[in-house]
Amino acid sequence: MATRSTHAARNETGQAVQDWTEPGLISRARGERLVPVPGVGSPWRWFFSGVWLAYLIQPVADLFEDHHGAAWIAGGLVITVAFCVIYLPALMFSDTRPRLALYGLGALAMLAAVACVVYGKSWTPLWIYVSVAGGMVLTSVFGSRRASFGVFAITGCYLLFCWVTHLDLGTTLAVLLPVLLIGLAMIGFRLQITLMRELAQARGTVAKLAANEERLRLARDMHDLTGQSLSMITLKSELAAKRLAKLPSSAERDSVLAELGDIGRVSRQTLHDIREAVSGYRRPTLAIEVITARNALDAVGIELDDDPALTLRSGTFDPDAEAVLAWCLREAVTNVIRHSRAGHCRIRLTDHPGELSLEVTDDGRGLVAQDPEQLKGSGLRGMSERLSAIGGRLSVGWAEPGRGLRLTATIPASAVASVSETGHGCPL
C-alpha cells in the first residue's frame with residue numbers, strides 16, 4: 001500500500017535516478033511508457049483493503065435468520081453500511097489526513113460497540129476491522145509506541161464485548177489472535193510505508209545533490225579548459241599587434257591590426273562571459289542550501305521544519321539577492337549545529353511590505369552569556385556585510401524569552417526583482 005510512485009529518469013550527471021510522485025509506485029524505463037505496479041496504486045489500495053469486508057456477510061445473514069422485524073434488519077444493515085463507508089476512508093487517508101481518520105476510528109469503535117450490544121455475539125468480529133484501522137491510524141497520529149497501546153485497548157474492548165454477549169471461550173480465543181496480531185502487524189506495515197517515503201525523499205535529495213555536484217564539475221572544467229586557451233589567444237593577438245605596428249605603415253597593415261584588435265576584444269569578452277557563467281554555476285541557491293541543511297541537521301539529530309517556499313521561490317528573483325540569502329541560510333544552519341544544542345530548527349521565507357525575510361529559529365540555548373543584539377561571531381559579521389551590500393539587514397534575538405535563537409535576514413523589495421523582469425536567466 002505504497003503512497004508514492006517512482007519514475008526512472010536521468011539527472012544532469014547522466015545517471016539513472018528515481019523521481020517519486022503520488023499516488024503509487026510506477027516504473028518507467030528510458031523511452032518507455034509509464035507502467036503502474038499492481039497493488040500499490042490508488043484503485044488497488046481501495047480494492048485490497050475493502051475485499052476483506054466480504055466477511056461481514058455472515059453477521060448480515062444472521063439478521064434475516066432470527067426472524068425479527070423490518071426495523072431490526074434495517075438497523076443492522078445501516079450499521080453495516082456505515083461501518084464499511086467509514087472503514088475504507090479511515091485506512092486510505094490515515095497518512096494524508098490522520099486527524100480526520102482518527103475521528104473515523106472512533107466512529108468505527110462506536111458502531112462495533114452498538115452492534116455487539118444490540119445484535120449480539122455474531123458481530124464481535126467487527127473488532128478485527130477496528131484493530132486494523134487502529135494500527136494504521138494511531139501510528140500516523142501518535143507513533144508506533146502509543147499505537148501499540150491503542151491496539152491493546154481495542155483488544156480489551158473486544159474481550160469486554162465477548163463477555164457482554166456471552167460468546168463461548170473457544171470462539172473468543174479464535175478471534176482474539178486476529179484482533180491483537182493483525183492490529184500490531186498494521187503498525188509495522190504503517191512504519192514500512194513511512195520508511196519507503198523517507199527512502200523516496202532521500203533518493204530525490206541524492207539526485208539533486210549529484211546534479212549540483214555535476215554543475216560544479218562542469219564549471220571547473222569549463223574554466224580550466226577554455227580559460228587558459230582564451231587567455232593565450234588574447235595574449236598572442238596583442239603580441240602580434242605590437243610586432244605588426246613596427247612595420248611600415250600601409251592600408252593592409254592597418255586592416256590586419258584592426259582584425260587583431262577584434263580578435264583580442266572577442267577573446268576577452270568570451271573569457272569574461274565564461275567567468276560569469278562559472279560564477280553563476282557556483283552561486284548558492286536556496287533550493288540547494290535547504291537540501292544541504294536538511295541532511296546536515298538530520299545527521300546530528302535535529303528535526304527540521306522548512307518552508308516549501310524556499311524551494312518554490314528559488315530562482316524566481318535576482319540571483320545575487322538569492323545568493324546572499326543562501327549564504328545566510330548556510331551560516332545560520334551551521335551555527336545551529338555547532339552551538340545551539342537544539343532539538344528542532346524552523347526555517348521560513350516570508351514576504352513583508354517592501355521586503356523579503358529569511359528566518360531561522362531553533363529551540364536551543366540561544367546566545368548564552370551574550371547580548372543577542374551584538375554580532376560578535378565572524379559568521380554573523382559576514383552575513384551582515386553581505387546583506388548590507390544589497391541594502392538588507394540582519395537581526396538576531398531570542399526565539400522565546402531566555403530560550404532559543406531567532407536569526408532574520410531581510411532584503412529590500414528592490415533586490416527581489418523577478419527573473420522575467422530583470423532578464424536574468426540562464427544563458428543559451
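Things worth noting here:
- On a per residue basis, the convex hull of the C-alpha atoms belonging to the range 200-250 measures out at 53 Å³.
- Note, ³J(HN,Hα) from phi for the range 118-134, Karplus 6.51, -1.76, 1.60, rounded to Hz, x at Gly and Pro: 7, 9, x, 5, 5, 9, 5, x, 4, 5, 5, 5, 4, 5, 4, 5, x
- Peptide ranges 174-183, 332-341, 135-144 listed from the most packed, as the mean C-beta count within 10 angstrom indicates: 135-144, 332-341, 174-183
- Pairwise Cα distances in the range 212-360 exceed 21 Å for 61 percent of all pairs.
- Cα pair count fraction exceeding 12 Å, expressed as % - the range 132-194: 64
- Trypsin sites (Lys or Arg not before Pro) lying in DSSP loop within the range 107-154, provided at most 10 other Cβ fall within 10 Å: none
- Pair-distance profile P(r), taking every C-alpha pair of the range 43-191, with 10 angstrom steps and integer %: 12, 42, 34, 10, 1
- Extension gain (nm, one decimal) between His68 and Val266, 0.36 nm per residue minus Cα-Cα: 61.5 nm
FYI, it's all coordinate maths here, none of it is from the lab. Since the model is a prediction, treat every value here as computed from it, not as a measurement. Positions of Cβ are backbone-derived with ideal geometry, glycine not excepted, and every protein chain shown enters the neighbour counts.
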